[in-house]
1. Using just the helices of the chain, give the 222 nm mean residue ellipticity in deg cm²/dmol: DSSP H runs with n ≥ 4 each add -39,500 (n - 2.57), and the total is spread over all residues, rounded to 500.
2. Lys/Arg Cβ at +1, Asp/Glu Cβ at -1, dipole of region 113-194 taken about the Cα centre: which of Phe184, Gly123, Ser149 is farthest positive-ward?
3. What whole-number value in cubic angstrom gives the convex hull volume per residue for the C-alpha atoms of region 113-194?
4. Tell me the angle of helix 160-169 to the major Cα principal axis of the chain, expressed in degrees between 0 and 90 and rounded to the nearest ten.
5. Explain nothing, just the number: dipole magnitude of region 10-52 about its Cα centre with +1 on each Lys and Arg Cβ and -1 on each Asp and Glu Cβ, in debye rounded to the nearest 20.
6. What is the local net charge at Asp111, summed over the other residues whose Cβ is closer than 11 Å to its Cβ (Lys, Arg +1; Asp, Glu -1)?
7. Compute log10 of I(q)/I(0) for region 67-127 with the Debye formula, placing one identical point scatterer on every Cα and leaving out solvent, at q = 0.18, 0.21, 0.22 Å⁻¹, to two decimals.
8. Match the structure shown to one of the listed values (1) 16.8; (2) 19.0; (3) 21.3 of Kirkwood radius over Cα pairs in Å, computed from it, and give that label.
Amino acid sequence: MRKWKYVPSPAIDELIRTAYEKQRLGDRLALTAVSCKLGWPRYSIAKRGAELGITRVKERVWSEREEEILHRYGHLPISSVQKRLALSGFERSCAAVQVKVTRLKIKQNLDGYSACSLAVAFGVDVHKVLRWIHRGLLKAGRRGTGRRSSQGGDTWWITHRDVQRFVLRAPDEIDLARVEKFWFLDLLTSGRICR
């Protein structure tokens with residue numbers, strides 16, 4: 001049986017409990033202070049805290065239903081995704097939602113572009129993309145972000161297919177010298193150029 005290098009005692013346990021309480025109240029240096037006072041490394045303090053059951057527990061495992069909601073509404077801002085989860089009876093912090101969306105690579109797998117990201121790809125100002133939308137050259141839908149008009153209104157969402165149609169219908173609008181070359185080839189070949 002392995003012996004403890006840093007042997008706990010009731011007094012040490014009380015110091016560790018007090019440090020965790022201070023940390024929860026906002027004292028970010030509480031654990032470092034108790035580590036210095038005891039001469040224990042931070043990992044030993046954390047290990048003992050876990051054994052005492054006073055460390056923070058990781059968030060609950062995500063259910064299939066929660067992940068379905070993330071996939072369905074993952075294109076929305078994180079706070080909106082959190083609200084959609086809450087409407088379905090799930091309580092998650094914005095940080096937890098952000099981490100899960102990133103881990104699932106939801107935003108990378110979206111079928112489309114915001115007006116801003118499309119402007120970057122075409123090498124134009126976002127106002128030019130908005131003019132294409134308003135003139136009916138580029139089909140776009142609202143993203144459903146719930147932004148008020150004082151915030152600039154809801155953002156636009158344009159699917160890959162609608163961008164392809166735009167390129168074929170209005171080639172005069174595109175300056176090939178400004179377009180991001182590999183993105184454009186990938187768009188026109190439906191992903192075959194990058195394989």
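1. Numbers: 10 runs with 100 residues, N = 195.
So the helix-based figure for the chain works out to -15000 deg cm²/dmol.
2. It is Ser149.
3. Numbers: hull volume 7.4 nm³, N = 82.
Hull volume normalised by residue count: 90 Å³.
4. Helix 160-169 sits roughly 20 degrees off the main axis of the chain.
5. Working: 8 positive and 5 negative charges, 32 e Å.
Magnitude of the dipole: close to 160 debye.
6. Values: positive: Arg161; negative: Asp162.
Here the charged neighbours net out to 0.
7. -0.65, -0.79, -0.83
8. Computed from these coordinates, Kirkwood radius over Cα pairs in Å corresponds to label (3).
The numbers here are math on the coordinates, done by the rules we state, and not lab data. These numbers come from a predicted model, not from an experiment. Don't worry about glycine lacking a Cβ; one is built from the backbone with ideal geometry, like all the others, and counts go over all protein chains shown.
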